[in-house]
Amino acid sequence: MTAPTTPSTPLVDKAQYGLAAFLVLAGGYVLLDAAGLEDGFADQPVQPYTLPYVVGAALVVLGILLAVATARGDRPEAEEGEDIDLTQGTDVRTVGLLALVLVANIALIDVLGWAITGALLFAGSAVVLGSRSWVRDLAVGVALSVGSWYGFYVGLGIPIPAGILDGVL
Amino acid sequence: MDLLLDGFQTALTPENLLFAALGVLLGTAVGVLPGIGPAMTLALLLPVTYSVGADSAIIMFAGIYYGGMYGGSTTSILLNTPGESSSVITAIEGNKMAKAGRAAQALATAAIGSFVAGSIATVLLWIVTPQVADIVVTLGSPSYFALMVLALFAVTAVLGSSKLRGFIALFLGLAIGLVGTSTGQARLTFGEPLLADGIDIVVVAVALFAIGEALWVAAHLRRKPLEIIPVGQPWMSRADWGRSWKPWLRGTAYGFPFGALPAGGAELPTFLSYATEKKLSKHPEEFGKGAIEGVAGPEAANNASAAGTLVPLLALGLPTTATAAIMLVALQGYGFQTGPTLMDDHPDLVWGLLASLFVANALLLVLNLPMAPLWAKLLRIPRPYLYAGILFFASLGAYSVNFQAFDLAILLVLGVLGFFMRRFGIPVLPLIIGVILGPKLEDQLTTALKISEGDVSTLWSEPVAVVVYGVMALLLTAMAFAGLRKPSAGNVPTEEKEMVER
């Protein structure tokens, strides 16, 4: 849990400077990448670097404009939704743990295969999001991942790699 | 006409009817889940349709499309917060009706109104789309280029509250669209061979809509559950019918033209419809307390506008809403070259789609009215399972495209981007449209300049192009005036707009 961001926050949303910096950096990288491109072939009237230069420059300018707007008191309207309660601060812990679960899935999927990592992904996310009965979470996860594996393999004809369970499934 | 009949023949085979029914059920089931709007429904279910044959896939997709839209309005009536901006109005009056014990009538007028609007709008599509397409194929690359710039500009600057944030989203999207080796040289690939073909749009869409949303909700999960209103079988009394049918028709009349414009969007017509109904109603005192006209009109406008967006999509290859953007991705995924020639190259496909929209719309009414109480139960799904499920299916969808763990990494990176976009109020739509249209924009520019042998003045050599740039100039002037009257930090100074206009 972090500090609440609502009523007590100052007029300037400082985090927006971070976004502005990101835009300038991203734009700068696009420009740098464009500078490394060579002239196109004779049949390319639009040089490969033309559009990147426009896009990169625009991102840099937008980043600067956002910084200026932020300094002048511009504040974002965070998105609302059915399950969203913006009156509380950002729950960094939950988001971080969820990201970890997703990273684990990426790291393990080639070795273990979707049927296993998918189950872990579901159960892990459910636990992180506040589910208390992890046995049931795991059971639902296994049902979903094995079910979807067979569904894709048999029903849709998409052979998802089985990973470590090759030959078992 | 023959083409349309052929289309119906394709759509009405027992096998394809089954796919349409399956699509409607899947679309509604996913769309009714809280936190999942029509665009996310389509993005999540897209991989499922890839494996069946192209015509079945499109028919199934039409079902998912209408099902997802209907599911969305059910959610906004039974919970009091709208899933997306076009159902804001439905949520206001619909939820008030539901609280007053008239949930069944609210759902019924929304469903039947959607059906009426969808049917009329689909017929209008049959008439308008071929004519627009006939005009469009005669246009040269300069005009087409101008239209694309207009679509990008309109989606970015006309819709949404903060122009600055709209342009940020647009240029981030254009930057993502640059990735790849389409020009013969590697651009923004970070030396990674897996990026040579660019980033798959399915992955971008799923990341932004599903992962970004799930992370965002995780950060702000409502700790106390929302109040859900129990609902029985939807029905309407004679008086309700009497009060509903005119709003349905007026809503359709507002929705379709707005949807068909390159600057479409469903927000404006729903607002206009609501304002009109409030003015014309014999019961103005009920508005704000649950007036059935306030549900009937905007819901019809919403649906008609959704059908209207298919005009620029099919005739021009220009998506103007998030849902239409995913639909374009779907058509490309089925292997069709979208753009002005789509109607000529694949008339069977387009008419199959237009016919199945009609079929799906009818199936929706038949299947969903009796099932409303069941759908309402889905709203009670435990939130940890709902969002874990979204992450699960999003990962599955992205993974099933190429079976690359790398795609999942991109999914996560863009998902984090989606999270921060929600945090900073940056709209997702311009980004998605930028990713899709960026490469096409470059193609058209190349084609135009190739024909003119590098002479830039070709870009304003066609009357349509000149008119389009004129419209953009007018929009800019209007925005500048609005900005002068109400100076606020959210306005973009003019140099930015000129850059876009090039």
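The values are calculated or read from the model by the stated rules, or taken from the named source; none is laboratory data. Predicted model, so just to flag it, every value in this text is computed and none were measured. Cβ coordinates were reconstructed from backbone atoms using ideal geometry, including for glycine residues, and neighbour counts include every protein chain displayed. Side chains included, ligands, DNA and RNA excluded: accessible areas come from the protein's heavy atoms. Shrake-Rupley method; radii C 1.70, N 1.55, O 1.52, S 1.80 Å.
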Which net charge results when you count Lys and Arg as +1 and Asp and Glu as -1 among the other residues whose beta-carbon is under 14 Å from that of B:TYR399?
-3
What net charge is computed for the residues neighbouring B:LEU107, neighbours being all others with C-beta under 15 Å from the C-beta of B:LEU107, Lys and Arg scored +1, Asp and Glu -1?
+1
Grab the other residues whose beta carbon is less than 13 angstrom from that of B:GLY7, score K and R as +1, D and E as -1, and report the net.
-4
Pairing the Cα long axis of helix B:54-78 with the longest principal axis of chain B, what angle in degrees results, from 0 to 90 and rounded to the nearest 10?
50 degrees
Once ligands and nucleic acids are excluded and a 1.4 Å probe is used, how much of A:ASP110 is accessible, expressed in Å² to the nearest 10?
100 Å²
Ranked by accessible surface with a 1.4 Å probe, highest first, in what order do B:TRP126, A:TRP134, B:TRP248 come?
A:TRP134, B:TRP126, B:TRP248
Run the numbers for B:ASP348 and B:PHE403: contour at 0.36 nm per residue of separation, minus the present Cα-Cα distance, in nm.
16.6 nm
Pairs of alpha-carbon atoms within less than 8 angstrom and 6+ residues apart define the contacts here; what relative contact order does the stretch A:15-71 have, in percent?
52 percent
Going through B:LYS246/B:LYS279; B:LYS163/B:LYS278; B:LYS99/B:LYS289; B:LYS96/B:LYS282; B:LYS99/B:LYS279 one by one, the pairs whose alpha carbons sit over 20 Å apart turn out to be B:LYS163/B:LYS278; B:LYS99/B:LYS279
Translational diffusion of the stretch A:40-141, µm² s⁻¹ [Kirkwood Rh, Cα pairs; Stokes-Einstein; 10 °C; 1.306 mPa s]
86 µm²/s
In a Gaussian network model of chain A with springs linking alpha carbons closer than 10 Å, the residue among A:GLN88, A:GLN47, A:GLN16 that fluctuates most is A:GLN47
From the convex hull of the Cα coordinates of the protein assembly as shown, what is the mean projected area in square nanometres?
29.1 nm²
Would you rank B:ARG380, B:ARG222, B:ARG238 by solvent-accessible area, highest first, keeping every protein chain in place and using a 1.4 Å probe?
B:ARG238, B:ARG380, B:ARG222
With a point put 7 Å past each Cα toward its Cβ, work out how far A:ILE164 is from B:SER161 in nm, to one decimal.
4.9 nm
Where does the Debye-calculated log10 I(q)/I(0) of chain B sit at q = 0.06, 0.10 Å⁻¹, using only Cα point scatterers of equal weight, no solvent?
-0.26, -0.75
In the stretch A:92-165, if every C-alpha pair distance is counted and binned at 10 Å from zero, what percent goes to each bin?
22, 46, 27, 5, 0
At 0.36 nm per residue, minus the direct Cα-Cα distance, what do A:ARG75 and A:LEU32 gain on full extension? Give it in nm, one decimal, please.
12.4 nm
Checking understanding here: applying a Kyte-Doolittle mean of at least 1.6 and a length along the axis of at least 18 Å (C-alpha), which whole DSSP H helices in chain A pass?
A:50-71, A:92-112, A:114-128
Would you mind checking the tilt of helix B:463-485 against the longest principal axis of the Cα atoms of chain B, expressed as 0 to 90 degrees and rounded to 10?
60 degrees
Compute the length gained on full extension between B:LEU4 and B:GLN332: take 0.36 nm times their separation in residues and subtract their Cα-Cα distance, giving the result in nm to one decimal.
115.9 nm
What is the helix-to-structure angle for B:322-333, meaning the angle in degrees between its Cα long axis and the longest Cα principal axis of chain B, kept from 0 to 90 and rounded to the nearest 10?
60 degrees
Surface accessible to a 1.4 Å probe, B:MET60 within the full protein complex, Å²:
10 Å²
Would you mind working out the magnitude of the charge dipole of the stretch B:129-234 relative to its Cα centre, with +1 at each Lys and Arg C-beta and -1 at each Asp and Glu C-beta, to the nearest 20 Debye?
500 debye
Taking the stretch B:140-253 as the region of interest, what is the percent of Cα-Cα pairs per 5 angstrom bin, listed from the shortest bin to the one with the maximum distance?
2, 8, 8, 10, 14, 12, 12, 11, 9, 6, 5, 2, 1, 0
How high is the FRET efficiency between B:ASP197 and A:TYR153 when r is their beta carbon distance and R₀ equals 25 Å, given to the nearest 0.05?
0.50
Orientation-averaged projected area, Cα convex hull of the stretch B:4-68 (nm²)
4.0 nm²
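Report the rotationally averaged projected area of the stretch A:15-71 based on its alpha-carbon convex hull, in square nanometres.
Working: hull surface 14.5 nm².
Over all viewing directions, the stretch A:15-71 projects a mean Cα-hull area of 3.6 nm².
Just to make sure I understand: if all protein chains stay in place, what is the order of B:LEU174, B:LEU437 by accessible area at 1.4 Å, largest first?
The ordering from most to least exposed comes out as B:LEU174, B:LEU437.
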In debye to the nearest 20, the charge dipole size for chain B, taken about the Cα centre with +1 at each Lys and Arg Cβ and -1 at each Asp and Glu Cβ, equals 2360 debye
Enter the accessible area of B:LYS289 (Å², nearest 10), with the probe set to 1.4 Å and all protein chains included.
140 Å²
Step by step: find N for the stretch B:355-396, compute 2.2 N^0.38 Å, then divide the Cα radius of gyration by it. What's the final number?
1.60
